[in-house]
Amino acid sequence: MHCRQCGFVNADGANYCSKCGAFLGDTKPSGGGDTTETYQVDETGELKPVDLEEVAGEGATLVIRAGGGRSGELFNVSGDRMTIGRSPEAEVFLDDVTVSRNHALLVRRRDGLYIDDLGSLNGTYVNRRRIESHRLANGDELQVGKYKLTYLER
């Protein structure tokens, strides 16, 4: 079974890629196109489906689109600063060696929300371009290590 993320050939019946850790799951198209179900972890640790329109209506949101088998997980962007990294203390915790401990920072400035790379080894990308600092706009695709996230605002 080929991994859709990295192309690695895995053993038949594998649930996760042995090389990149991506969820292999059902490889048949569902007929719905390129959609992602969004969820959050509730107080009991269970996954709870989320209506993306309702959540995005509350303000800015980051949604994991690919990477680490976590597609659909979302993070509400609140406050003036929000850390992204492999450190367990990061508000957006991305547990993979391709992500630096303190990889990037979301910071609110007078003219909007910015993502700043914090000198990460693999870099931070917005819309497939490596950035040092970038003002985010609705629909921007962020890449942090092997994770691809979409920035949504209302």
Exercise. Leaving out ligands and nucleic acids, note down the accessible area per residue over region 84-154 with a 1.4 angstrom probe, in whole Å².
Key: 55 Å²
Quiz prompt | Overall form of region 71-150 per C-alpha gyration tensor (a/c, 1.5; a/b vs b/c) | solution = rounded
Quiz item: Which whole-angstrom value gives the distance between the alpha carbon centres of region 62-101 and region 126-154?
Solution: 12 Å
Exercise. Extending each Cα 7 Å along its Cβ direction at Glu132 and Ala14, get the distance between those two points in nm, one decimal.
Key: 4.0 nm
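The values are calculated or read from the model by the stated rules, or taken from the named source; none is laboratory data. It should be emphasised that the depicted structure is a prediction, and the values quoted were computed from it without experimental measurement. Counting neighbours? That spans all protein chains shown, and the Cβs are built from the backbone with ideal geometry, glycine included. Keep in mind that these areas ignore ligands, DNA and RNA; they rest on the heavy atoms of the full protein, side chains included. Shrake-Rupley method; radii C 1.70, N 1.55, O 1.52, S 1.80 Å.
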